[in-house]
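Comments concern the structure below.
The values are calculated or read from the model by the stated rules, or taken from the named source; none is laboratory data. Because the structure is a prediction, the values reported are computed rather than measured. Cβ atoms come from the backbone with ideal geometry, glycine included; neighbour counts cover every protein chain shown.
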Amino acid sequence: MPVTVTPMHLSSLAFRRRRMTPRERYHAITHFEEPDRPWVSGEGTWPETEARWRKEGWDGRPIHQIFPHDPMLGVPVSAGPWPPFEKKILKETPETILYVDHEGILKREFKGDRGWSSMPQFVKFPVETEEDFDRLVGERLAPKLDERFPKDWDARVKGWRDRTAPLMYFPDRWGGFFGPLRNLLGLKNLCRAFYEKPEFVERMMDQRVEVILAILGKLLDETEIDVFAFWEDMGYRTGPLLGPEMFKEFMVPRYRIICEYLRSRNVDLVGVDSDGDVRTLIPLWLKAGLNVIWPLEVRSNMDPRELRREYGRRLVMFGGIDKQALTRGKAEIEAEVDRVWPVVATGGYIAHIDHSMPPDISWENFCHYQRYRAVKAGFDLGPAAKQV
């Protein structure tokens, strides 16, 4: 279905006429300068979502070949257990599977369509004692740079020299301080450790600092990146999983070490990926040197309009479109995009959904969302996007 956008949608946007490369566009937006148009990012999907879409008409082509997206390059260097744990199935029933995943976590999950509708049961985590941690550091968590960097690293570096897309280093679930420790101990044990074993918590966090700095040292000696991002996922619907005072004591000093190092190497965009309501932590992230945040989960009161009013140009934001709106009708999808679009005009904001696409989003609704957002961003959609 064609999407029309009236001139009033773009009337407040001051965009340059000269066509920019994606890298130039990304830097213009994140530094509150004038881009040639808004950034249109790709968005993640669940495997179950892709299975549904295939049944509903998706031919399997990469989404960026159908709808216009700005490319983002990534550095493929893990900061987590290396080598990864071998996935091992320990028990299987007609409904569930019990297995050790690549991070060493013992999980029980439902099979098939029931799997996407529920969280896994976390049965056991790899660290229960300080001795477990010490052993894991020796076996899998030490820097070991020769092993962590891919074998084709030199070729990748050469290919990035004349790149036209931004390059991000995002160490996924191991580039942070709360999130990685939760992977090691589990949430309940970690929260107790802050009170019962604070020195142990600090030791684990310091080990993360060591690994991140070691990787960044080699990385920035051989190439340059446009943005670095921590991963924490330390919020729930009504607040953070760690209070501001404890966050300030344990985490801010360690963020500051990484941020100061990055700035000394000319990396001025430092972000954090955290779900939930983390509004009380934003001032502390800013104090530590971070200046980018996503995905701004709408149902956790992370509204990009309010955050822009509160923090102005101090905070760059990505996300903020309620994924649940995409499960409804086309009018609701358009209204949700329109809700956040005025923030695009203020700069420092890239609008996309506030998480990966879950399986309750139909292919038809997804396509409408992609077309509507692209046209609002000024694209003249090609035949591929118009036909789906």
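Within segment 231-253, the set of residues being assigned to a strand (DSSP E or B) and either out of contact with any Pro (no Cβ under 8 Å at 6 or more places or on another chain) or surrounded by fewer than 18 Cβ atoms within 10 Å (Cβ to Cβ) (or both) comprises Gly235, Tyr236, Gly239, Pro240. Say we look at segment 273-313 and pick out the residues that are closer than 14 Å to Pro240 by Cα and among the polar types (S, T, N, Q); which of these is farthest from the chain's Cα centre (by Cα)? My answer is Thr280. Confirm whether His69 is closer than 23 Å to Ala229 by Cα and not assigned by TED's automatic domain parsing to the domain that holds Leu219. No, not satisfied.
The set of residues from segment 48-85 being without any contact (Cβ under 8 Å) to a residue 60 or more places away in the chain and in a helix (DSSP H, G or I) comprises Glu50, Arg54, Lys55, His64.
For Arg192, the stated conditions hold: it is within 28 Å of Leu106 (Cα to Cα) and surrounded by fewer than 22 Cβ atoms within 10 Å (Cβ to Cβ). The residue that is surrounded by the fewest Cβ atoms within 10 Å (Cβ to Cβ), among those in segment 94-112 that are among the charged types (D, E, K, R) and modelled with pLDDT under 95, is Glu95. Consider segment 88-126 and keep the residues that are without any contact (Cβ under 8 Å) to a residue 60 or more places away in the chain and among the β-branched types (Val, Ile, Thr). The one that is farthest from Asp172 (Cα to Cα) is Thr93.
Can you pull out every residue in segment 66-104 that is aliphatic (A, V, I, L, M) and within 21 Å of the chain's Cα centre (by Cα)? Residues satisfying the conditions are Met72, Leu73, Val75, Val77, Ala79. At least 1 residues being touching a Leu at 6+ places or on another chain (Cβ under 6 Å) and of a type in the set (Lys, Arg) is the threshold, and among the helices (runs of 4 or more DSSP H) wholly inside segment 110-190 those reaching it are 179-185.
Scanning segment 1-45 for residues that are under 19 Å from Tyr369 (Cα atoms) and at pLDDT 90 or above yields Arg37, Pro38, Trp39, Val40, Ser41, Gly42, Glu43, Gly44, Thr45.
Listed here are the residues, each with its yes/no results for (1) closer than 21 Å to Trp46 by Cα; (2) crowded, with 20+ Cβ neighbours inside 10 Å.
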residue: Leu281; (1), (2): no, yes
residue: Ala288; (1), (2): no, yes
residue: Leu296; (1), (2): yes, yes
residue: Arg299; (1), (2): yes, no
residue: Pro304; (1), (2): no, yes
residue: Ile361; (1), (2): yes, yes
residue: Phe366; (1), (2): yes, yes
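Consider segment 376-388 and keep the residues that are crowded, with 19+ Cβ neighbours inside 10 Å and assigned to a helix (DSSP H, G or I). The one that is modelled with the lowest pLDDT is Ala385. Restricting the search to segment 308-334, which residues are touching a strand residue (DSSP E or B) at 6+ places or on another chain (Cβ under 6 Å) and farther than 15 Å from Ile353 by Cα? Matches in segment 308-334: Val316 only.
Every listed requirement among (1) part of a helix (DSSP H, G or I); (2) within 17 Å of the chain's Cα centre (by Cα) is met by Tyr195 save one, (2).
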